[in-house]
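The values are calculated or read from the model by the stated rules, or taken from the named source; none is laboratory data. This one's a predicted model, so the numbers in the text were calculated from it and none came from an experiment. Neighbour counts are summed over all protein chains in view; Cβ atoms, including those assigned to glycine, are modelled from backbone coordinates with ideal geometry.
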Amino acid sequence: MSSAIAVEARRLTRTFGTFRAVDDVSFAVPRGEVFGFLGSNGAGKTTTIRILCGLLAPTSGSASVAGLDVATQAAAIKERVGYMSQRFSLYTDLTVEENLRFWGAAYGLHGARAAARRHWALEMADLTGRRRTLVRELPGGLRQRLALGAALLHSPPIAFLDEPTGGVDPAARRRFWGVIDGLAAGGTTIFVTTHFMDEAERCHRVALMHAGRLVALDTPARLKAAFGADTVFEVRSRSPQAALRILEGTAGVAEATLFGEALHVVLTTPDAVAAVHGALNGGGEAGAEIRPIPPTLEDVFMRAIAAAARADGGAAGDRP
């Protein structure tokens, strides 16, 4: 593995009985990159992260983290990564300071080094004046930043963040991502899962998982550029649900998806917009507003899942 590569998976597979949670996945993450890992629930994201953190052995394939093999050097990997899980990992009946002391000891930090890292975590999380506050009394955004600080107390070069901003308000999410950007600028590799497309836009590259497989991987800009010019439209009508039913059977419409009170419609060619107008007018949705819009990452995500589902001969969506 190149010294410039922080995380690498090579045909990584994990099965549970007959179920393939991770299916022949390969990718490489350079050092200092913010790598977004997207997918619907059950897509295999958390299982992949657990393998990369040395918490779960692969069934086949291989992976390297910080130059170490996940199958044979799991203990050493755990010393070199920070892992912030979906479930809140702090003790809510302890104070901020007590949590940091506990996790510092768990990571083998002592003396001046431990004190310096606790100070860093308190500054990063904006909790210097609340070190004696019980964690259960903290707002969600501060809890998440404290959990990040605890996961990075031992200064790992790689951080795995599994949906770190779930349940956090938009303002707190923006502040949290400011911290992530600062860590990446300092050379820390950030491997992050998220369901928020605005967060995915902030990643250097994003990988899209579906049914255990990697279905797309590139920068947000290049993923969106794969859509042809003037092939993504917003449709606003009196009844979005009725418009959706009409357009799902219209020739030239590759995908139609509800986005709030409007539809995002992906066409096979720009010329198909005439068919959209005709179908809506003929279906009782005359007067619908139709305008071209730039594709979003959510459009990319829906297209990738739909294509993967068609290849499988099944329906898009979450797996059991």
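Annotations for the structure displayed:
- Within the option set GLU261, GLU234, being under 29 Å from ASP198 (Cβ atoms) and surrounded by 13 or more Cβ atoms within 10 Å (Cβ to Cβ) holds for one residue only, GLU234.
- Residues that are among the aliphatic types (A, V, I, L, M) and over 18 Å from TYR83 (Cα atoms) were ranked within the range 161-202; the one that is nearest to the chain's Cα centre (by Cα) is ALA200.
- 3 or more residues not aliphatic (A, V, I, L, M): qualifying strands (runs of 3 or more DSSP E) within the range 231-320: 232-236, 253-259, 289-292
- Any pair with Cβ under 6 angstrom, 6 or more apart, that starts in the range 247-265 at a residue that is without any contact (Cβ under 8 Å) to a residue 60 or more places away in the chain and more than 18 Å from GLY228 (Cα to Cα) and ends at one that is part of a helix (DSSP H, G or I) and basic (Lys, Arg): none
- ARG291 being surrounded by 18 or more Cβ atoms within 10 Å (Cβ to Cβ) and either among the acidic types (Asp, Glu) or within 33 Å of the chain's Cα centre (by Cα) (or both): no
- Of the numbered criteria (1) of a type in the set (S, T, N, Q); (2) within 27 Å of PHE176 (Cβ to Cβ); (3) surrounded by fewer than 15 Cβ atoms within 10 Å (Cβ to Cβ), the one THR72 fails is (2).
- Odd one out for LEU55, checked against (1) modelled with pLDDT of 95 or more; (2) surrounded by fewer than 20 Cβ atoms within 10 Å (Cβ to Cβ): (1)
- Candidates LEU280, LEU244, filtered to the one that is hydrophobic (A, V, I, L, M, F, W, C) and within 26 Å of LEU208 (Cβ to Cβ): LEU244
- Condition check for SER155: on the phi > 0 side of the Ramachandran plot, over 18 Å from the mean Cα position of the chain (by Cα) and hydroxyl-bearing (Ser, Thr, Tyr): yes
For (1) modelled with pLDDT of 95 or more; (2) assigned by TED's automatic domain parsing to the domain that holds VAL22; (3) in contact with an Asp or Glu (Cβ under 7 Å, 6 or more places away or on another chain); (4) surrounded by 22 or more Cβ atoms within 10 Å (Cβ to Cβ), each residue gets a yes or a no:
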{"position": "ARG117", "(1), (2), (3), (4)": "yes, yes, no, no"}
{"position": "LEU122", "(1), (2), (3), (4)": "yes, yes, no, no"}
{"position": "ARG143", "(1), (2), (3), (4)": "no, yes, no, yes"}
{"position": "ASP162", "(1), (2), (3), (4)": "no, yes, no, no"}
{"position": "GLY166", "(1), (2), (3), (4)": "no, yes, no, no"}
{"position": "ALA172", "(1), (2), (3), (4)": "no, yes, no, no"}
{"position": "GLY187", "(1), (2), (3), (4)": "no, yes, no, no"}
{"position": "MET197", "(1), (2), (3), (4)": "no, yes, yes, no"}
{"position": "VAL206", "(1), (2), (3), (4)": "yes, yes, no, yes"}
